[in-house]
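Take a look at the structure set out below.
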Amino acid sequence: MKDKGTFTVDNSLKREYWDELYDLQMELKTINATYEFNGTTRYVVWDDTCLNPLEKEENGCSLFSPFNYFQNERDNICLGNKFLVNIDDNFINGLPCAGDFGSPIFPYLAFGGYEEEDYWNGEAMIFNFINSNVEDKESEQFARVMAWEGAFIKIMEDQAPKLKYYDVAYFCERSIEDEIDATAEEDLGIFLIAYLVIFLYIMIALGKYSSLRRVPIDMKVSLAISGIIVILASAFAATGIFGWLGVASNLIVVEVVPFLLLAIGADNVFILVMDIQREKRLEGESLDDLIARVFAKAGPSMLLCAMTEATVFFMGSVIDMPAIKVFAINAGIAILFNFILQITAFLAIVKLDLARQGGNRWDVICCYKSSSEKIKDEEEKESVIDIFFREYYTPVLMHDLVGFVVICAFSAMFGYSIYSISTAVVGLNQNLSVPADSYVAKYFDFMETYLMVGVPVYFILEGKYPFHKEDFSNLICGTSGCDLFSLSEQISRASLQPEKSKIATQATIWVDDYKDWLKPSSSCCRTYNCNYRLDEDDPDYSEKCDFCPANIDANSFPFNPDSCLDCQSALLSSEEAEDSFKTYLDYFLYDKPNEFCSKGGYASYSAAVNYTMADEIVYDSIQASAFMAYHPVCVDSVDCQANLEMGRELADNITMTIRQKVEAINNQSGLVFGDEDFVDPESISVWTYAIYYPYYEQYITLGTVALIQLGICFIPVFLFTFILLGFDVISGLIVLVTVGLIVIDTYGFCVLWDVDMNALTLIITDLISAAGLSVEFCGHTVRTFALTTEGTRKDRTIQTMSVMGPSVLLGVALTNLPGIVCLNWANAQLIEIFFFRMNFVMTLLGIAHGLILLPVILAYFGPNANKMKIYEEQQKAIDELGRTRSETKTDKKTDSMKMKAKGSTKITPTGPEYGDLEESAF
């Protein structure tokens, strides 16, 4: 209650308080909304969408609320109801009473915030408008429900702040989806800013500036734009293929794949451009030859990373999780498109840009030619970062003491990450799916604080079970004489300890209600006197007359065809009781509860018993039946998983008990398999279901799935490195170890930042780290090292890092980092937690492993120089030496001839090496 401190239900039901809340309930109950279907505007009211357990009877919509204790009648609330209120004492005793739709209003569904059964001292009132489930999203019924819920939200947004006395939280089925869509639109600007920041960085970092006057020439705006267009085109192409195949992309694909491609694609852009900038153009060499020569060095490295990453994603799609499957295939296709476009279209753009720069033309404004003097290759200065890596950073890292400290530090980091992962929480809290200031988040807070029960849980008994036999029904029922370990008794005892058992209420047992309904004293089971004055051998004689509901005013005396008679007598033999049970089950499930017979099973059990009729009189068998209880409230994923697991554990115990008892009954009766009355114990099972079970099912096995996913991802990481580097086992193992360390350390540190393990972390951590950024951080470096032949391992490491260090730092790390930081301000908690935090940690750890740990590993454990590469270089050196000697010999002979010719004006050269040459005068 607003500004009134803690209130209780009994004092809040004073007229001055409840009037505004009652008016709001009735306004919601009479919603009239519009919707579009097949091009026409149509209208919908709650009667069109609600769950009506009594079918289309007037006022049959299921509404659980405190006011429905009084049948939603204002006069009943004001004056008191004889079933609920002692008018003399004005004291509400809390006995459940039927609402206006015929069902009891259980206190735990209408009130909250109380202890034990002190309902009227509860601190909250609960209003549940129940709509029917609709599976077909293309149907008109689904459009009706969506329209009604949209109108509900609009009214609550408008009216809730105007309430004078009550603080209200609200929610409906479409709320989370609406909030996700809304935040996605709100965060679009954040993503655009992130892309803009990345673009500006690439544009600035790609250029190699020699002077201020040449900045308009040396900058790479057009090249940066082209690179980003290639990357985005790859993402759009992959999404387009999915659209062509009719597979819808999800939010993860739209937002994560472009960032993944930016990290991978930008690295390749930097490697190509920086290698070309470093490479001196040979005399007489064309631009085509220069690009071909550079691409011959960089291309295989790009191929190695692209094939590894794409294959890992494709293999990751074997996990049977729809979100991961769609994302993995989409990312794999996008990576292949990106590689193809970079080695074709982007190379062509690089050539055009080099021609522009060589022609002293401005970037972007290519038609303008500058008068600035061209810089010759020998005059170009080496970049500061190249000098830093070659002269300072890597030599220090190669010191033995530094290497020892690095190995120890990363080993400790790995050990701590393993421990941290072992303490990780598995799951995804539903309040993280909406912004922290959303009305849905407020509802989740209220739900956790005040609601007394959570969602219904159904115990499904499956198998042909002979309920009509007393020994078997006693294993199910919960009344006097039933087995102490019956299904009902086990659920009832579990509900006494809801914190441990995760069962909050007793189950509704249709068998108990059916037996009560059959009793003559209940006046429920009645049939018309259709056999009035007919003998049993009369052709019109019926063994089963039509059902006569209890609210039909038809006296049993005097006898006539319209009289109603009890279905069975008070005293029945065991065989007669069984026949009666089988005969009138369909009547029980057809009977609608009313003021004369509250045990009618239509509202509660018509959908809970799956049976087949042997003929028009008795049923043949009951294939399955459901018994409903309630779970405790769960908001956190851990609690919801506990509900699922404990529900299944209880169901398994019930299954085991029933099977043991059934086997004992068979043995006691001397029944064996094949006998008519034999019941196979193994055919009987009990299992549970709640509405969120399919969602939380994944988290039970997520740890195993994550390990399998990692194993699958690491296979191509090793194989492609091994094969494409000439069957180099050591290089393959180094890449594999580095990738694995990045993945493990990333999630280990993310656990400290409250990132739980779920499908989102499985996608981002295992897949992006292992197949995306991690391979980029180490794949290019290891290949360059493997193909470097001069000097010791440390010398080769210094040469490698002077070339690849700047590319990895500028291309992978700093390309991704500025854009990721922007996402810290995203409105969606899912983006801020599972995208910003994880990618931020991953990028920092990727830098650490790729630029600190990997060089140390290569310096001490790297592969020996490639023998084939050494042989090729030796042959090249021999050929070069031969050409040099030949040129030297020719030069010496020429010089000798020049010396002889100093005293003569005419020379006639002879000798086979000169051929037939004419005389030359000097």
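The values are calculated or read from the model by the stated rules, or taken from the named source; none is laboratory data. None of the values given here were measured: they were computed from a predicted structure. Note that each Cβ is placed from the backbone with ideal geometry, even for glycine, and that neighbours are counted across all protein chains shown. Quick note on the areas: whole protein, heavy atoms, side chains included, nothing else; ligands and nucleic acids left out. Shrake-Rupley method; radii C 1.70, N 1.55, O 1.52, S 1.80 Å.
Among the residues making up the range 744-763, those that are open to solvent by less than 10 Å² (accessible area, probe 1.4 Å) and either assigned to a helix (DSSP H, G or I) or not hydrophobic (A, V, I, L, M, F, W, C) (or both) are Asp745, Thr746, Tyr747, Gly748, Cys750, Asn758, Thr761, Leu762, Ile763.
For the range 716-739, the tally of residues that are more than 15 Å from Ala306 (Cα to Cα), open to solvent by 10 Å² or more (accessible area, probe 1.4 Å) and either outside the structural domain of Ile847 (by the TED database) or not in a loop (DSSP other than H, G, I, E, B) (or both) stands at 6. Among the residues of the range 309-320, is there at least one that is farther than 21 Å from Val775 by Cβ and open to solvent by 10 Å² or more (accessible area, probe 1.4 Å)? Among the residues of the range 309-320, at least one is farther than 21 Å from Val775 by Cβ and open to solvent by 10 Å² or more (accessible area, probe 1.4 Å), which makes the answer yes. Among the residues of the range 18-51, those that are under 22 Å from Tyr602 (Cα atoms), in contact (Cβ under 8 Å) with a residue 60 or more places away in the chain and open to solvent by 30 Å² or more (accessible area, probe 1.4 Å) comprise Asp48, Leu51.
Let me confirm something: among Ala441, Ala412, Ala504, Ala436, which residue is closer than 27 Å to Trp517 by Cβ, of a type in the set (A, V, I, L, M) and either under 35 Å from the mean Cα position of the chain (by Cα) or assigned by the TED database to the domain that holds Leu760 (or both)?
Ala504 is the lone residue from the list that is closer than 27 Å to Trp517 by Cβ, of a type in the set (A, V, I, L, M) and either under 35 Å from the mean Cα position of the chain (by Cα) or assigned by the TED database to the domain that holds Leu760 (or both).
Considering each residue of the range 201-237, count those that are in a helix (DSSP H, G or I) and over 22 Å from Leu341 (Cβ atoms), and give that number.
The total comes to 8.
Collect the residues in the range 343-364 that are at pLDDT below 90 and of a type in the set (Val, Ile, Thr), keeping them in residue-number order. Listed by number, the list holds a single entry, Val364. Picking from residues in the range 468-502 that are among the hydrophobic types (A, V, I, L, M, F, W, C) and open to solvent by 40 Å² or more (accessible area, probe 1.4 Å), the one that is nearest to Ile622 (Cα to Cα) is Phe485. Of the residues examined, Arg659 is one that is free of Cβ contacts under 8 Å to residues at least 40 places away in the same chain and either open to solvent by 10 Å² or more (accessible area, probe 1.4 Å) or β-branched (Val, Ile, Thr) (or both).
The single condition among (1) over 25 Å from Tyr368 (Cβ atoms); (2) in a helix (DSSP H, G or I); (3) not hydrophobic (A, V, I, L, M, F, W, C) that Lys280 does not meet is (2). Residue check: Glu157 meets all listed conditions (1) modelled with pLDDT of 90 or more; (2) not in a helix (DSSP H, G or I) but one, namely (2).
Quick check: is even one residue across the range 688-708 farther than 29 Å from Ile503 by Cα and part of a strand (DSSP E or B)? Walk me through it before giving the result.
Of all residues in the range 688-708, those farther than 29 Å from Ile503 by Cα come to 706-708.
Filter once more, keeping what is part of a strand (DSSP E or B): none.
No, that holds for no residue.
Scoring Tyr170 on the criteria (1) more than 27 Å from Thr30 (Cβ to Cβ); (2) touching a Phe, Trp or Tyr at 6+ places or on another chain (Cβ under 8 Å); (3) not assigned by the TED database to the domain that holds Leu352 leaves a single failure, condition (1).
Give me the pairs: first residue in the range 568-591 and under 17 Å from Asp512 (Cβ atoms), second residue open to solvent by 50 Å² or more (accessible area, probe 1.4 Å) and hydrophobic (A, V, I, L, M, F, W, C), beta-carbon distance under 8 Å, and six or more apart or on different chains, which are they? Close Cβ pairs satisfying both conditions: Ser580/Leu572. You will find that of Leu192, Leu223, Leu245, the residue that is in contact with a helix residue (DSSP H, G or I) (Cβ under 9 Å, 6 or more places away or on another chain) and either hydrophobic (A, V, I, L, M, F, W, C) or farther than 30 Å from Phe313 by Cα (or both) is Leu223 and no other.
Take Phe459 and decide whether it is surrounded by 21 or more Cβ atoms within 10 Å (Cβ to Cβ), under 35 Å from the mean Cα position of the chain (by Cα) and assigned by the TED database to the domain that holds Met613. It is true that Phe459 is surrounded by 21 or more Cβ atoms within 10 Å (Cβ to Cβ), under 35 Å from the mean Cα position of the chain (by Cα) and assigned by the TED database to the domain that holds Met613. Looking at Ile204, is it closer than 18 Å to Val257 by Cβ and open to solvent by 40 Å² or more (accessible area, probe 1.4 Å)? So Ile204 does not fit the description; no. One residue is enough: does the range 168-191 have a residue meeting the conditions modelled with pLDDT of 85 or more, over 31 Å from the mean Cα position of the chain (by Cα) and either within 30 Å of Leu352 (Cβ to Cβ) or part of a helix (DSSP H, G or I) (or both)? Looking through the range 168-191, none of the residues is modelled with pLDDT of 85 or more, over 31 Å from the mean Cα position of the chain (by Cα) and either within 30 Å of Leu352 (Cβ to Cβ) or part of a helix (DSSP H, G or I) (or both). Within the range 95-111, is even one residue at pLDDT below 90, touching an Asp or Glu at 6+ places or on another chain (Cβ under 8 Å), more than 19 Å from Pro53 (Cβ to Cβ) and in a helix (DSSP H, G or I)? Yes, because at least one residue in the range 95-111 is at pLDDT below 90, touching an Asp or Glu at 6+ places or on another chain (Cβ under 8 Å), more than 19 Å from Pro53 (Cβ to Cβ) and in a helix (DSSP H, G or I). Applying the criterion of at least 3 residues that are loosely packed, with under 13 Cβ neighbours inside 10 Å and at pLDDT below 80 to the helices (runs of 4 or more DSSP H) found wholly in the range 808-922 leaves 867-900.
Does Ser222 meet the test of being surrounded by 19 or more Cβ atoms within 10 Å (Cβ to Cβ) and polar (S, T, N, Q)? Judged against the criteria, Ser222 is not a match.
Residues in the range 651-683 that are among the acidic types (Asp, Glu) and under 24 Å from Lys502 (Cα atoms): Asp652 alone. Per the conditions (1) of a type outside the set (Ser, Thr, Tyr); (2) surrounded by fewer than 23 Cβ atoms within 10 Å (Cβ to Cβ); (3) under 16 Å from Asn330 (Cβ atoms), the sole criterion not satisfied by Ile228 is (3).
Of the strands (runs of 3 or more DSSP E) lying entirely inside the range 533-647, those carrying at least 1 residues that are closer than 30 Å to Ile503 by Cβ and open to solvent by 30 Å² or more (accessible area, probe 1.4 Å) are 609-613, 619-630. Only a single criterion out of (1) crowded, with 17+ Cβ neighbours inside 10 Å; (2) over 30 Å from Val455 (Cα atoms); (3) touching a Ser or Thr at 6+ places or on another chain (Cβ under 8 Å) is not satisfied by Pro520, namely (1). Applying the condition of being surrounded by 14 or more Cβ atoms within 10 Å (Cβ to Cβ) and small (Gly, Ala, Ser) to the range 133-168 and asking which residue is nearest to Tyr69 (Cα to Cα) yields Ala160. With the condition kept exactly as written, say whether any residue in the range 663-676 is at pLDDT below 90, hydrophobic (A, V, I, L, M, F, W, C) and open to solvent by less than 70 Å² (accessible area, probe 1.4 Å). Yes; the residues of the range 663-676 include at least one that is at pLDDT below 90, hydrophobic (A, V, I, L, M, F, W, C) and open to solvent by less than 70 Å² (accessible area, probe 1.4 Å). Within the range 127-154, being outside any loop (DSSP other than H, G, I, E, B), of a type in the set (Phe, Trp, Tyr) and closer than 21 Å to Leu24 by Cβ holds for Phe129, Trp148, Phe152.
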